[in-house]
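Here the structure comes first, spelled out in structure tokens, and everything after it is commentary.
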Amino acid sequence: MLDRKNLVNAGVLLAIVGVSTCAAATCSSLESNIDYQGLDIGSARSASVNGCCSICSKTNECGAFTWTNYNGGTCWLKKAKGPTKVNNGAVSGVLQSSTPASTATCSSLETNIDYQGADVGNAHSASVNGCCSICSKTNGCRAFTWTNYNGGTCWLKSSKGGSNSNPGAVSGVLQTSNSGSSVDPASAKYSVAAYAVGDWGQTLDMSSCCGGTYNNFDLHAQEIVGKLMDIQAGTAVKPKAVLGHGDSFYWTGIDSLESRDSRFQTTYESRYNGDNIKNVPWVNVMGNHDYGGANYVCNVGDQLVQCNSTAEMLQGLENKFRYQADYTSPNDNRWALDDRFYVRRIEDAATGVSIDIFNIDMNDADIAGSHGVCCQCYGYAKDDNGGCGSIARGDKHCCGGDNDMYDTCMAKFVQWAEDSRTQLTKQAKASTATWKIVNSHFSPIQHYKEDGMHKWLNALNGTGIHAFIYGHTHGEKHDYSDSLRIHFVENGAGGGSKKEFASTIPQFATQYVKKEWAYTGDEYGFFSVEGSKDWLKLQYHTADSKWKFTENWTAMTIGGVATKHCWYIPRDGSEGKAC
């Protein structure tokens with residue numbers, strides 16, 4: 001009888017002949033040492049976890065699985081993921097839709113060879129057969145070495161590197177083809193579109209755009225971006241929605257019910273009033289400045305005032321939300337802020353191509369999120385606000401030193417964010433839309449510390465989200481996570497506040513996401529997405545060289561639209577390619 005070591009080695013010998021090929025990716029990134037609990041619909045034998053995805057896809061009602069080494073290897077088939085439990089040696093995954101996917105192949109395997117260094121992680125696999133697939137789904141992985149350590153382990157590498165002799169080890173190099181579809185994206189029929197713009201609502205006194213040194217592009221940035229959106233809508237697929245990423249009304253949001261309609265008219269209705277866009281629905285989220293920025297959240301009429309109690313503070317936060325949520329636009333009621341989490345679908349009836357837009361509240365963000373809003377330092381400190389950037393809980397200018405008020409405020413933002421995470425995971429997984437896009441003010445990668453980032457990445461994992469578009473940072477860029485198969489798009493140079501360079505990826509996140517593109521940091525613009533059945537076209541638009549910016553808007557020479565970034569995203573969420 002073969003013992004376990006010999007059985008594994010027998011599997012290795014079978015695998016080293018020719019080229020090891022990974023099937024089209026139809027399952028989420030596998031979770032090692034995790035057992036999905038309950039919801040069982042059956043089981044099937046498989047010597048390794050590699051077979052479970054295919055078995056599940058061919059089994060009625062199967063939506064997830066757990067593999068264990070029971071009886072030589074068993075796939076435990078599940079209706080859905082369900083609760084999880086740590087189980088050493090178990091490997092679990094979630095079935096994705098059967099969309100055409102990118103394929104990955106591996107070079108002829110090298111037996112008794114160990115690739116040295118360049119490690120990006122490791123994952124359990126009973127045999128080398130699983131390493132190619134695992135590597136193809138792991139961000140930054142381009143090679144691997146398999147050993148029988150701990151029942152079988154794939155040591156994932158960013159490159160082949162040097163090699164050493166190691167009896168029993170097997171190594172290979174990933175060779176990917178990220179086509180995502182057999183349809184040429186350049187000739188695909190794009191039938192449904194949306195625009196996205198962030199941090200767009202200038203102050204009435206222009207202080208948000210034009211403090212310190214500024215130029216005429218800064219001065220009229222919001223109006224220019226609105227004009228660019230109208231021009232683009234008249235020459236391309238007309239948008240069925242505009243995604244607003246929040247910070248819609250600098251610096252402190254809407255301050256009172258009495259002033260609401262005039263503020264909307266001045267810095268929203270009149271700025272996006274071109275014939276091609278004035279009746280297009282907007283789907284919006286709240287940013288930190290919409291919740292008050294870092295000023296008092298309570299008001300008496302148009303005057304911002306200190307909250308007299310924790311209860312008044314909570315009511316002030318709710319008022320900030322309701323002032324926007326209850327607004328009725330005179331242009332076909334185009335303004336929407338349904339809730340702190342809500343979903344809107346746009347669809348082309350003729351082709352059936354649809355986009356679900358998942359609008360979420362992430363204002364518990366660690367970077368310039370709820371802490372500043374809850375301290376209300378610019379209210380308490382008044383003109384002595386030089387220390388507001390480093391204010392801490394308990395300081396006299398943080399809620400006047402009222403820690404109960406501060407803690408209650410922070411807990412409320414955590415509650416809203418947790419609800420958004422829970423609903424996003426549930427509803428995105430259940431979505432039948434062709435394309436799935438998240439609309440947020442903050443980024444899980446750029447605006448959270450490591451623990452907070454992981455909460456959001458875990459919530460996003462396996463949801464099938466294609467693009468996560470956000471603002472807050474007043475820059476423009478495009479990143480990609482191979483492990484999540486999600487494109488992250490920074491889109492905060494919408495003209496409400498002065499432009500800045502795009503954010504850089506934190507060191508702790510570089511294993512999850514990589515840079516695809518970033519703008520030059522000296523302009524304003526917006527993103528568009530256009531969907532076909534097989535491809536999502538992502539584009540960044542700004543002013544072309546024909547514009548002549550002047551101090552007086554009426555003297556401005558109106559130019560055209562320059563598209564400075566264009567990217568094709570495949571239906572399977574793989575990396576895609578530049579247009």
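The values are calculated or read from the model by the stated rules, or taken from the named source; none is laboratory data. None of these values were measured; they are calculated from a predicted model. Cβ sites come from the backbone with ideal geometry, for glycine too, and all protein chains shown count toward neighbours.
Looking for whichever is of a type in the set (S, T, N, Q) and touching a Pro at 6+ places or on another chain (Cβ under 8 Å) here; the options are Ser182, Ser270. Which one fits?
On the way: Ser270 fails: touching a Pro at 6+ places or on another chain (Cβ under 8 Å).
It is Ser182.
Can we say Lys436 is surrounded by 15 or more Cβ atoms within 10 Å (Cβ to Cβ), farther than 30 Å from Glu61 by Cβ, touching a helix residue (DSSP H, G or I) at 6+ places or on another chain (Cβ under 8 Å) and in the same structural domain as Asp479 (by TED's automatic domain parsing)?
Values: surrounded by 15 or more Cβ atoms within 10 Å (Cβ to Cβ): yes; farther than 30 Å from Glu61 by Cβ: no; touching a helix residue (DSSP H, G or I) at 6+ places or on another chain (Cβ under 8 Å): yes; in the same structural domain as Asp479 (by TED's automatic domain parsing): yes.
Answer is no for this residue.
Which pairs have Cβ atoms under 7 Å, sit 6 or more apart or on different chains, and link a residue in the stretch 479-502 that is on the phi > 0 side of the Ramachandran plot to one that is small (Gly, Ala, Ser)?
Close Cβ pairs satisfying both conditions: Arg485/Gly573; Arg485/Ser574; Gly495/Ala221.
Of the numbered conditions (1) within 22 Å of Asp199 (Cα to Cα); (2) more than 21 Å from the chain's Cα centre (by Cα); (3) without any contact (Cβ under 8 Å) to a residue 60 or more places away in the chain, Ala349 fails exactly one; give the number of that condition.
(1)
Got a sec? Which of Gly246, Gly253, Gly234 is assigned by TED's automatic domain parsing to the domain that holds Ala411, surrounded by fewer than 19 Cβ atoms within 10 Å (Cβ to Cβ) and either in contact (Cβ under 8 Å) with a residue 40 or more places away in the chain or on the phi > 0 side of the Ramachandran plot (or both)? Write out each step before concluding.
On the way: Gly246 fails: surrounded by fewer than 19 Cβ atoms within 10 Å (Cβ to Cβ); Gly253 fails: surrounded by fewer than 19 Cβ atoms within 10 Å (Cβ to Cβ).
Only one candidate qualifies: Gly234.
I'd like the residue in the stretch 45-72 that is within 15 Å of Gly130 (Cβ to Cβ) and surrounded by fewer than 21 Cβ atoms within 10 Å (Cβ to Cβ) and, out of all such residues, is nearest to the chain's Cα centre (by Cα).
So, considering only residues that are within 15 Å of Gly130 (Cβ to Cβ) and surrounded by fewer than 21 Cβ atoms within 10 Å (Cβ to Cβ), the one nearest to the chain's Cα centre (by Cα) is Ser54.
Based on what the data block shows, is Ala417 closer than 28 Å to Leu538 by Cα, assigned by TED's automatic domain parsing to the domain that holds Gly274 and either surrounded by fewer than 20 Cβ atoms within 10 Å (Cβ to Cβ) or modelled with pLDDT of 95 or more (or both)?
Numbers: closer than 28 Å to Leu538 by Cα: yes; assigned by TED's automatic domain parsing to the domain that holds Gly274: yes; either surrounded by fewer than 20 Cβ atoms within 10 Å (Cβ to Cβ) or modelled with pLDDT of 95 or more (or both): yes.
It is true that Ala417 is closer than 28 Å to Leu538 by Cα, assigned by TED's automatic domain parsing to the domain that holds Gly274 and either surrounded by fewer than 20 Cβ atoms within 10 Å (Cβ to Cβ) or modelled with pLDDT of 95 or more (or both).
Any residue in the stretch 274-296 that is over 23 Å from Ile469 (Cα atoms) and under 26 Å from the mean Cα position of the chain (by Cα)?
Within the stretch 274-296 (the criterion being over 23 Å from Ile469 (Cα atoms) and under 26 Å from the mean Cα position of the chain (by Cα)), the answer is yes, since at least one residue qualifies.
Looking only at the stretch 83-115, filter to residues that are exposed (fewer than 15 other Cβ atoms within 10 Å of the Cβ) and not in a strand (DSSP E or B); which one of those is modelled with the highest pLDDT?
Pro83
Just checking: which of the strands (runs of 3 or more DSSP E) contained wholly in the stretch 480-579 hold 3 or more residues that are out of contact with any Asp or Glu (no Cβ under 6 Å at 6 or more places or on another chain) and under 30 Å from Thr351 (Cβ atoms)?
Numbers: elements: 486-491, 514-518, 525-531, 535-543, 561-570.
The strands (runs of 3 or more DSSP E) meeting that bar are 486-491, 525-531, 535-543, 561-570.
Residues are listed down the side, and each one gets a yes or a no for (1) among the aromatic types (Phe, Trp, Tyr); (2) more than 24 Å from Ile437 (Cα to Cα); (3) over 16 Å from the mean Cα position of the chain (by Cα):
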site	(1), (2), (3)
Glu476	no, no, no
Ala502	no, no, no
Thr520	no, yes, yes
Ala543	no, yes, yes
Phe549	yes, yes, yes
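Say we look at the stretch 344-362 and pick out the residues that are out of contact with any helix residue (DSSP H, G or I) (no Cβ under 7 Å at 6 or more places or on another chain) and of a type in the set (D, E, K, R); which of these is surrounded by the fewest Cβ atoms within 10 Å (Cβ to Cβ)? Don't jump to the end; show me each part of the working.
So the first thing to find is which residues in the stretch 344-362 are out of contact with any helix residue (DSSP H, G or I) (no Cβ under 7 Å at 6 or more places or on another chain), and the list is 344-357, 359.
Right, trim to of a type in the set (D, E, K, R) and you get 344-345, 347-348, 356.
Details: Arg344: 19, Arg345: 13, Glu347: 17, Asp348: 19, Asp356: 23.
Across the stretch 344-362, the extreme among qualifying residues is Arg345.
Just for the stretch 152-180: of the residues that are at pLDDT 75 or above and surrounded by fewer than 21 Cβ atoms within 10 Å (Cβ to Cβ), which one is nearest to Gly130 (Cα to Cα)? Before the answer, list the steps.
Quick first cut of the stretch 152-180, residues at pLDDT 75 or above only: 152-157, 163-174.
Now narrow it down to the ones that are surrounded by fewer than 21 Cβ atoms within 10 Å (Cβ to Cβ): 153, 163-168, 173.
Details: Thr153: 9, Ser163: 21, Asn164: 22, Ser165: 22, Asn166: 20, Pro167: 19, Gly168: 16, Val173: 13 Å.
Filtering the stretch 152-180 for residues that are at pLDDT 75 or above and surrounded by fewer than 21 Cβ atoms within 10 Å (Cβ to Cβ), the one nearest to Gly130 (Cα to Cα) comes out as Thr153.
If I ask for residues that are loosely packed, with under 15 Cβ neighbours inside 10 Å and not β-branched (Val, Ile, Thr), which ones from the stretch 296-305 would you list?
Gly301, Asp302, Gln303
What are the pairs with Cβ atoms under 6 angstrom where one residue, in the stretch 538-558, is touching a residue at least 24 places away in the same chain (Cβ under 8 Å) and the other, located anywhere, is acidic (Asp, Glu) and surrounded by 13 or more Cβ atoms within 10 Å (Cβ to Cβ)? Sequence gap at least six, or different chains.
Tyr540/Glu476; Thr542/Glu523
Can you report the number of residues in the stretch 363-398 which are touching a Gly at 6+ places or on another chain (Cβ under 8 Å) and surrounded by fewer than 22 Cβ atoms within 10 Å (Cβ to Cβ)?
The qualifying residues number 7.
In the stretch 181-216, what residues are within 23 Å of the chain's Cα centre (by Cα), crowded, with 24+ Cβ neighbours inside 10 Å and in a loop (DSSP other than H, G, I, E, B)?
Gly198, Asp199, Trp200, Gly201
Could you identify the single residue in Asp395, Asp384, Asp404 that is assigned by TED's automatic domain parsing to the domain that holds Phe468, acidic (Asp, Glu) and part of a helix (DSSP H, G or I)? Spell out how you get there, then give the answer.
Details: Asp395 fails: part of a helix (DSSP H, G or I); Asp384 fails: part of a helix (DSSP H, G or I).
None of the others qualify; the one that does is Asp404.
Just to check your reading of the model, which residue among Ile34, Ile55 is aliphatic (A, V, I, L, M), closer than 20 Å to Asn461 by Cα and at pLDDT 50 or above? Walk me through how you get there before you give the answer.
Numbers: Ile55 fails: closer than 20 Å to Asn461 by Cα.
Ile34 is the lone residue from the list that is aliphatic (A, V, I, L, M), closer than 20 Å to Asn461 by Cα and at pLDDT 50 or above.
How many residues does the stretch 505-528 hold that are buried (at least 16 other Cβ atoms within 10 Å of the Cβ) and either touching a Lys or Arg at 6+ places or on another chain (Cβ under 8 Å) or closer than 12 Å to His565 by Cβ (or both)?
11
Condition check: out of contact with any strand residue (DSSP E or B) (no Cβ under 7 Å at 6 or more places or on another chain) and without any contact (Cβ under 8 Å) to a residue 24 or more places away in the chain. Does Ala411 satisfy that?
On the way: out of contact with any strand residue (DSSP E or B) (no Cβ under 7 Å at 6 or more places or on another chain): yes; without any contact (Cβ under 8 Å) to a residue 24 or more places away in the chain: yes.
Judged against the criteria, Ala411 is a match.
List every residue pair whose Cβ atoms sit under 6 Å apart, with the two residues 6 or more apart in sequence or on different chains, where the first one lies in the stretch 434-451 and is assigned to a strand (DSSP E or B) and the second, anywhere, is among the polar types (S, T, N, Q).
Between residues of the stretch 434-451 that are assigned to a strand (DSSP E or B) and residues that are among the polar types (S, T, N, Q), the close pairs are Asn439/Asn359.
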